[in-house]
Amino acid sequence: MLSNLNLLLGAGFSRNWGGWLANEVFEYLIGHESFISDSYLNDHLWKYKDTGGFESALFEWQKRDKISRERRVRFENALKDMFNEMNKGFRVRQFEFSNQRYFQVSNFLTKFDKIFTLNQDLLLEIQYMNSNIELNALGRFNGPQLPGMIQKSPVSLGDWADTNWTPDLSSDFNLSAGSQPIIKLHGSCNWVSSDSDEIMVIGGGKPSQIENFPILRWYFEEFEKCIFAKGAKLVIIGYSFGDSHINSLISEGVSNGLHLFIIDPRGSDLFTGFLNSDYQDMNKIKNGVRGFSRRSLNEIFGGDSIEISKIQRFIDLFR
């Protein structure tokens, strides 16, 4: 039986190339001129430091009718600056940790039928999608795709990071045969709607935000379809299980036979504090885990044949 092998990425994936985690985003914003010059905005951000961080602060801000639009725009523009800083950094980082093909991250990523990511930065667009996916995939794929999206202002073919993208409303959303889908479940920092609204899900109330964008609704249907499929396997890198709508789907997937492998520096300690709680989704999810790696990607793909073999064992499981 052929397996359905997919990948889910969280912020901890980009962290390996210098990307900021949520607490580091908070610390970036505290130093941004918009917050330095506005004590009211600064106090609001600090209020949520230990109760959801910058995402909760933004969500509460967006819900308040009495808050000026000007302040909300300054908050959102500071987040844009944050993504711009990260993306500039990704352009000058070396993506691979080894020159040997067997240990290369790009080679590893081509093993997956679909790559789902919760990240809104452009690491994959800059470093992976502009690489020779068709060569690394040994005929499985003829290149990458952002399903259902088209360049708003085309720059050049295959230039994934230097232009805005918008949903293709001229046809039904579908997957292109022969291409590897890169599915950004929460949108991206360079995506805009036909009304020029940003397609990014940040803050609280994420399920309701997703409902506002047909492209993201379709993406979640694809995610559900993949993890509910017979023989489904999901490798998770750098996701801290902080989004209940994602956890709920994974939990249901495990109930349908989904197998999981988790790459995270905390390893099995990810589940500490959940196992004895009434958090039912996490208790279900742990029953689907078939292995962990708590080593950094730098270690794994820098030449750690022992850890690579453990991950490959999971990939070959039930094949």
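Would you please give the FRET efficiency between ALA177 and SER39, computed as 1/(1 + (r/R0)^6) with r the Cβ-Cβ distance and R0 = 41 Å, to the nearest 0.05?
So, using R0 = 41 Å, E works out to roughly 0.15.
If you roll a 1.4 Å probe over the chain with all protein chains in place, what percent of the accessible area is carbon or sulfur?
Roughly 47 percent of what the probe reaches on the chain is carbon or sulfur.
Please identify, among ASP162, ASP38, ASP264, the residue showing maximal mean-square fluctuation in a Gaussian network model of the chain using a 10 angstrom Cα cutoff.
ASP38
Taking θ = phi - 60°, what integer Hz values does the Karplus form 6.51 cos²θ - 1.76 cosθ + 1.60 yield along region 71-86, in sequence order, with x for Gly and Pro?
5, 4, 5, 5, 4, 5, 5, 5, 5, 4, 4, 4, 5, 4, 4, 4
Based on the Cβ-Cβ distance of ASN298 and LEU169, what FRET efficiency does E = 1/(1 + (r/R0)^6) give at R0 = 51 Å, to the nearest 0.05?
Approximately 0.80, to the nearest 0.05.
Could you rank GLU60, GLU224, GLU27 by how accessible they are, 1.4 Å probe, largest area first?
So the residues, ranked largest to smallest area, are GLU27, GLU224, GLU60.
Tell me which label goes with the value of semi-axes √(5λ) of the Cα gyration tensor in Å computed from the coordinates here: [x] 31, 24, 20; [y] 39, 21, 17; [z] 33, 22, 16.
[x]
Select from PHE241, PHE213, ILE311 the residue farthest towards the positive end of the dipole of region 212-311; place +1 on Cβ of Lys and Arg, -1 on Cβ of Asp and Glu, and compute about the Cα centre.
ILE311
Looking at the chain, what % of its DSSP beta bridges pair antiparallel, to the nearest 5?
15 percent
Residue by residue, what Karplus-based ³J(HN,Hα) values in Hz, rounded to whole numbers, does region 231-248 have, using 6.51, -1.76 and 1.60 with θ = phi - 60° and x for Gly and Pro?
So the Karplus estimates, Gly and Pro as x, are x, 5, 10, 9, 8, 10, 10, x, 9, 8, 6, x, 10, 5, 5, 6, 4, 4 Hz.
Mind listing the long-range amide H neighbours of VAL289? Cut-off is under 5 Å, sequence gap 5 or more, other chains count too, H placed in the peptide plane at 1.01 Å from N.
Under 5 Å from the amide H of VAL289 lie the amide H atoms of LEU260, each far enough along the sequence or on another chain.
If R₀ is 41 angstrom, what is the calculated FRET efficiency for the pair ARG72 and GLN100, using the beta carbon separation as r and rounding to 0.05?
0.25
So for region 221-278, Kirkwood radius off the Cα pairs, Stokes-Einstein at 37 °C and 0.692 mPa s: how many µm² s⁻¹?
269 µm²/s
Near the amide H of GLN145, under 5 Å away, which other amide H atoms are found, from residues 5 or more places off or on another chain, if H is placed in the peptide plane?
Here GLN180, ILE182 satisfy the definition.
Pop out the ³J(HN,Hα) list for region 130-146 in order, Karplus 6.51 cos²θ - 1.76 cosθ + 1.60 with θ = phi - 60°, rounded to Hz; leave Gly and Pro as x.
So the Karplus estimates, Gly and Pro as x, are 8, 8, 8, 4, 5, 7, 5, 7, 6, x, 5, 10, 9, x, x, 8, 9 Hz.
Could you report region 37-187's accessible area per residue, 1.4 Å probe, as an integer in Å²?
50 Å²
Can you work out the accessible area per residue across region 236-309, with the rest of the protein chains kept in place, probe 1.4 Å, in square angstrom?
Per-residue accessible area for region 236-309 comes out at 44 Å².
Is the C-alpha gyration tensor of region 65-171 telling us rounded, prolate or oblate? Criteria: a/c under 1.5 is rounded; beyond that, a/b larger than b/c is prolate, otherwise oblate.
prolate
With +1 on each Lys and Arg Cβ and -1 on each Asp and Glu Cβ, how big is the dipole of the chain about its Cα centre, in debye rounded to the nearest 20?
800 debye
Please tell me which of these pairs span more than 18 angstrom C-alpha to C-alpha: LYS114/LYS184; LYS80/LYS114; LYS114/LYS284; LYS114/LYS206; LYS206/LYS233?
The answer is LYS80/LYS114; LYS114/LYS284; LYS114/LYS206; LYS206/LYS233.
For region 149-203, what is the Kirkwood hydrodynamic radius in Å, using each pair of distinct C-alpha atoms?
About 12.3 Å for region 149-203.
Ratio to report: Rg/Rh of region 1-100, with Cα atoms as the point set and Rh obtained by the Kirkwood method; give two decimals.
1.11
Counting DSSP beta bridges with both partners in region 104-194, what percentage is antiparallel, nearest 5?
Close to 35 percent.
Putting +1 on Lys and Arg Cβ atoms and -1 on Asp and Glu Cβ atoms, find which of PHE75, GLY52, SER293 reaches farthest to the positive end of the dipole of the chain.
SER293
With a cut-off of 8 Å between alpha carbons and a minimum separation of six or more residues, what is the relative contact order of region 140-225 in percent?
Taking the mean separation of contacting Cα pairs over the length of region 140-225, I get 27 percent.
The values are calculated or read from the model by the stated rules, or taken from the named source; none is laboratory data. Given the structure is predicted, the values throughout are model-derived calculations rather than measurements. Cβ: placed from backbone, ideal geometry, glycine included. Neighbour counts: every protein chain shown. For accessibility, only protein heavy atoms count, side chains too; no ligands or nucleic acids. Shrake-Rupley method; radii C 1.70, N 1.55, O 1.52, S 1.80 Å.
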